[in-house]
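Encoded as structure tokens, the structure appears first; notes follow it.
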Amino acid sequence: TGNISGGNPNLEPSTSDNYDVQLEYYTPKAGLYSAGVFYKKLKGFYYSTTLRFTNTDANGYPVPDANGPRIYSSTDNALGALNYGLELIARQKLLFLPKPFDGLGVSLSATMTKSDGKYPGRLSENLPTYGFSDRIYNASVEYAGGGFRGRLAYTYRSDFLEGLDVDNTFDDYFAQYRSLNWESSFQVDKRLRLFLNVNNLTDEPQVSYQGFQRTDNPEDVTTYSWRATAGATYRF
């Protein structure tokens with residue numbers, strides 16, 4: 001009389017052949033600059049699938065019906081996928097600044113990915129790999145000095161596939177997500193350390209939508225406020 005979710009005891013192991021090439025340069029003054037390319041060939045990775053139905057058979061299994069009002073959710077093996085892309089990283093301590101600003105450091109990274117996922121019954125479509133974003137950006141400013149350490153970090157992740165249905169009109173996606181987080185600590189002495197961490201400073205929600213590039217068709221919106229954790233660690 002309602003939606004059904006179930007497991008899949010017939011899942012096969014997921015394997016991946018990975019090839020990476022990365023060039024790194026370390027500067028004399030605490031800098032790191034790198035560029036890398038990667039190629040990943042996956043087999044049998046898992047993805048969430050949904051099937052629409054109206055009625056079940058004598059054994060209680062849903063009878064597929066493309067226009068059915070109910071949904072059966074499960075996990076399945078994809079046929080395979082290719083993921084390849086570029087990763088750029090830059091980290092630099094700002095030691096050339098006068099004290100106390102010489103404790104500052106900046107970090108930047110960007111990952112650009114192309115993916116091609118193959119799913120049963122959807123082989124003619126150009127679909128991304130389940131759970132993979134084509135762009136991920138990170139930026140942070142850090143400070144260390146006098147027993148204090150602080151880090152303000154920003155992360156951006158583009159939208160990604162989270163569930164397949166009968167076609168791309170009903171497929172589920174997580175919308176792009178941004179987060180701003182703060183981490184800090186102060187070493188009082190050799191034994192005592194105080195810390196304060198704050199997550200999601202800008203109150204970013206988590207949104208999923210239905211349909212390819214249908215960000216105007218939200219399915220779930222979860223709102224998170226900022227969350228702070230404060231405490232102390234002591235070594236005996």
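Listed conditions (1) farther than 24 Å from LEU201 by Cα; (2) open to solvent by 60 Å² or more (accessible area, probe 1.4 Å) are all met by ARG135, apart from (1).
Where residues in segment 17-53 are open to solvent by 50 Å² or more (accessible area, probe 1.4 Å) and among the β-branched types (Val, Ile, Thr), which of them is nearest to MET112 (Cα to Cα)? The selected residue is VAL37. The residues of segment 82-124 that are over 25 Å from ALA139 (Cβ atoms) and outside any strand (DSSP E or B), listed by number, are TYR119, PRO120, GLY121, ARG122, LEU123, SER124. Of all the residues in segment 81-98, those that are in contact with a strand residue (DSSP E or B) (Cβ under 8 Å, 6 or more places away or on another chain) and surrounded by fewer than 17 Cβ atoms within 10 Å (Cβ to Cβ) number 6. Those strands (runs of 3 or more DSSP E) of segment 125-236 in which at least 2 residues are free of Cβ contacts under 8 Å to residues at least 24 places away in the same chain, considering only elements entirely within it, cover 218-222. For segment 54-63, a tally of residues being open to solvent by 70 Å² or more (accessible area, probe 1.4 Å) and over 30 Å from LEU127 (Cα atoms) returns 2. Among the residues of segment 185-219, which ones are exposed (fewer than 12 other Cβ atoms within 10 Å of the Cβ) and either under 17 Å from PHE174 (Cα atoms) or under 21 Å from the mean Cα position of the chain (by Cα) (or both)? Hits for segment 185-219 are THR202, ASP203, GLN213, ASP216, ASN217.
With respect to the conditions (1) within 20 Å of the chain's Cα centre (by Cα); (2) open to solvent by 70 Å² or more (accessible area, probe 1.4 Å), SER14 falls short on a single one, namely (2). Against the list (1) small (Gly, Ala, Ser); (2) surrounded by 17 or more Cβ atoms within 10 Å (Cβ to Cβ); (3) more than 15 Å from the chain's Cα centre (by Cα), the condition ALA228 fails is (2).
The residues in segment 64-80 that are open to solvent by 60 Å² or more (accessible area, probe 1.4 Å) and small (Gly, Ala, Ser) can be counted, and the count is 1. The residue list TYR156, TYR130, TYR119, TYR143 contains one member that is surrounded by 16 or more Cβ atoms within 10 Å (Cβ to Cβ) and more than 28 Å from PHE53 (Cβ to Cβ), which is TYR143. Within segment 164-184, restricting attention to residues that are open to solvent by less than 40 Å² (accessible area, probe 1.4 Å), more than 15 Å from the chain's Cα centre (by Cα) and at pLDDT below 95, the residue that is farthest from GLY121 (Cα to Cα) is ASP172.
The values are calculated or read from the model by the stated rules, or taken from the named source; none is laboratory data. Worth saying up front: this structure is predicted, and the values here are computed from it rather than measured. Please note: Cβ atoms are built from the backbone with ideal geometry, for glycine as well, and neighbour counts cover all protein chains shown. Calculation scope for accessible area: heavy atoms of the full protein, side chains included, ligands and nucleic acids excluded. Shrake-Rupley method; radii C 1.70, N 1.55, O 1.52, S 1.80 Å.
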